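**Student:** Sharing a structure with you now.
Since every read-out is calculated from the coordinates, none of them should be taken as a lab result. Keep in mind the model is a prediction, meaning the values are calculated, not measured. Backbone-built Cβ (ideal geometry, glycine too); neighbour counts: all protein chains shown.
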Amino acid sequence: MNILFLTLVKIKSLEERGIYTDLLRKFREEGHEVFVVSPSERRDKKKTFLLEKEGVSILNVRTFNLQKTNIVEKGIGTLAIEYQYLKAIKKNYSTVKFDLILYSTPPITFSKVISFVKKRDNAYAYLLLKDIFPQNAVDMKMLKAGSLLHKMFEKKERRLYELSDTIGCMSEANKKYVLTHNPTVAPKKVEINPNSISAITNVQSLEENQSIKAKYELPLDKKVFVYGGNLGKPQGLDFLLETITATTNPKVFFLVVGSGTEYKRIFTWFQTNKPKNALLLAGLPKLDYDMLLNACDVGLIFLHKDFTIPNFPSRLLSYLEMRMPVIAATDANTDIGIVIEKNKCGYSVLSGDSLAMQNAIDVLVSNENDFAQMQENAWNLLLQEYTVDDSYHLIKNKLKNV
């Protein structure tokens, strides 16, 4: 089977770890041919080029800058990308007949590419819904509800859902939201296909963990609560800073590591307040980040309190893989906290509820036996719900039934 994967993520190799590369690697391992179309941004100063690597074809398409750029170029780039991808596919994959088109949101602007390949090859279109746009932008006040731009993106969203033979949602709340707010979408075409990875047992000795903590000047005698990943407006990071300030438990230390649009503001806050119970680090290479994460104790998830859509951050999987209990401070619409508490691997609090957050922190550091059980529960949840084997079979079975 020939699989075409469309993404905004820069993929250089399938040996990199991530929710998309792990899934595509599974397809390759099962004997399928994988073709990836990935952006090469204007700042990279490269023309569109085709790379054959590790048994996979990777087509890097020259685009406008899509990440870490001004909103004007980002908007133009998002609208232009389907034309750029379509041109590159027609030129480089004119003789390849695709059986399956896999794609994720963001963006919602792949419709012309999907429509072309579906008609040309009679391919099956499977959407991995990772982002509900444009409503998320409205929630964050980046788009005005009812504006011309908002209506245009809503039209593109409806078209994407219409073209998709199956829509794989990240959670039950995701699925319910899609069906409730899109009455024209047939329930039979929507299923739960969550973020998933190839789970790896990460074993670091106590000595290795102590060495890593020493390298980054982390305390050896405290539980390290880590927030790792994107530092942007959707994360509602004011509550993270409030939590650092409010926490007086002597057994707790916070590590914030990542990059994003809010990094400079967070950096300035650290410089001004000089918290003694927290450390900020800029984003690290994946291998270094994983080793650091493995030396930490509790994972933190933050989402902006104003979200009306049910986000389900993929960073949960990184925490579970490291056998870390998790505290999720989120809006009231996501079900990620429900999943965490149901499986007894952490706690859920509403973003802004400082008392509930402090209670969760205190409970996590108060009983070592309960903490150890939560660590095992975290690993078990990952194996039960979030492995690429399950995602692969869900997708593959769809084509069996066609």
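**Student:** Is the C-alpha gyration tensor of the stretch 206-385 telling us rounded, prolate or oblate? Criteria: a/c under 1.5 is rounded; beyond that, a/b larger than b/c is prolate, otherwise oblate.
**Tutor:** Rounded.
**Student:** If the elastic network links every pair of Cα atoms under 10 Å, which of ALA88, ALA282, ALA199 fluctuates the most in the Gaussian network model of the chain?
**Tutor:** Per the Cα network of the chain with a 10 Å cutoff, ALA282 tops the list.
**Student:** Continuing with this model, one more query. Taking 7 Å along the Cα-to-C-beta vector as the label spot, tell me the ASP44-TYR83 distance in nanometres, rounded to one decimal.
**Tutor:** Rounded to a tenth, the inter-label distance reads 2.1 nm.
**Student:** Most exposed first by the Cβ proxy, i.e. fewest other Cβ within 10 Å, how do VAL256, VAL203, VAL326 rank?
**Tutor:** Working: VAL256 23, VAL203 7, VAL326 26.
Fewest-to-most Cβ neighbours within 10 Å comes out as VAL203, VAL256, VAL326.
**Student:** Report the Rg/Rh value for the chain, based on alpha-carbon coordinates and the Kirkwood definition of Rh. Before the final figure, lay out the partial values.
**Tutor:** Values: Rg = 21.4 Å, Rh = 22.2 Å.
Rounded to two decimals, Rg over Rh is 0.96.
**Student:** OK, next. Note down the relative contact order for the stretch 21-157 as a percent, whole number, built from C-alpha pairs under 8 angstrom at least six residues apart. Could you put the intermediate results ahead of the total?
**Tutor:** Working: 171 pairs, mean separation 20.5, N = 137.
Taking the mean separation of contacting Cα pairs over the length of the stretch 21-157, I get 15 percent.
**Student:** Just to be sure I understand: of the beta bridges DSSP finds with both ends in the chain, what percent are antiparallel, rounded to 5? Please report the intermediate quantities before stating the final value.
**Tutor:** Details: 5 of 59 bridges.
Around 10 percent of the beta bridges assigned by DSSP in the chain are antiparallel ones.
**Student:** Return the whole-Å distance between the Cα centroid of the stretch 348-386 and the Cα centroid of the stretch 95-133.
**Tutor:** With the stretch 348-386 and the stretch 95-133 each reduced to a Cα centre, they are spaced 38 Å.
**Student:** So, one more: With the chain treated as a Gaussian network of Cα nodes joined by springs under 10 Å, which of ARG315, ARG265, ARG62 yields the largest mean-square fluctuation?
**Tutor:** Sorting by GNM fluctuation, first place goes to ARG265.
**Student:** Tell me, what ³J(HN,Hα) does each residue in the stretch 83-93 have, in order and in whole Hz, if you take phi through Karplus 6.51 cos²θ - 1.76 cosθ + 1.60 with θ = phi - 60° and put x for Gly and Pro?
**Tutor:** Result, ordered by residue: 6, 5, 5, 4, 4, 5, 5, 4, 7, 9, 10 Hz.
**Student:** Only Lys, Arg, Asp and Glu count, each charged at its Cβ (+1, +1, -1, -1), so figure out the dipole size of the stretch 206-385 about its Cα centre, rounded to 20 debye.
**Tutor:** On the way: 16 positive and 21 negative charges, 100 e Å.
I would put it at about 480 debye.
**Student:** About the Cα centre of the chain, what is the dipole size in debye to 20, counting +1 per Lys and Arg Cβ and -1 per Asp and Glu Cβ, all else neutral? Can you show the working numbers first?
**Tutor:** Working: 54 positive and 45 negative charges, 435 e Å.
The calculated dipole for the chain is roughly 2080 debye.
**Student:** Full-extension gain between LYS10 and LYS97, please, as 0.36 nm times their residue separation minus the C-alpha to C-alpha distance.
**Tutor:** Details: separation 87, 0.36 × 87 = 31.32 nm, distance 2.37 nm.
Between LYS10 and LYS97, full extension yields 28.9 nm more.
**Student:** Only Cα pairs within less than 10 Å get springs; with that Gaussian network setup on the chain, which residue of ASN65, ASN367, ASN380 has the largest fluctuation?
**Tutor:** Highest fluctuation of the listed residues: ASN367.
**Student:** Okay, moving on. Please tell me which of these pairs span more than 20 angstrom C-alpha to C-alpha: LYS45/LYS118; LYS112/LYS155; LYS46/LYS156; LYS213/LYS251; LYS119/LYS398?
**Tutor:** Numbers: LYS45/LYS118 32 Å; LYS112/LYS155 13 Å; LYS46/LYS156 29 Å; LYS213/LYS251 15 Å; LYS119/LYS398 18 Å.
With Cα atoms farther than 20 Å apart: LYS45/LYS118; LYS46/LYS156.
**Student:** Please list 3J(HN,Hα) in residue order for the stretch 158-163, calculated via the Karplus relation 6.51 cos²θ - 1.76 cosθ + 1.60 where θ = phi - 60°; whole Hz, with x for glycine and proline.
**Tutor:** 4, 5, 4, 5, 5, 6
**Student:** Another question about this same structure. Where the eigenvalues come from the Cα gyration tensor of the stretch 317-360, what are the semi-axes √(5λ) of the equivalent ellipsoid, largest first, in whole Å?
**Tutor:** Numbers: eigenvalues 62, 28, 15 Å².
Each semi-axis is the square root of five times an eigenvalue, giving 18, 12, 9 Å.
**Student:** Choose one of GLN204, ASN249, ILE338: the residue whose Cα lies farthest towards the positive end of the charge dipole of the chain (beta-carbon charges +1 Lys, Arg; -1 Asp, Glu; about the Cα centre).
**Tutor:** It is ILE338.
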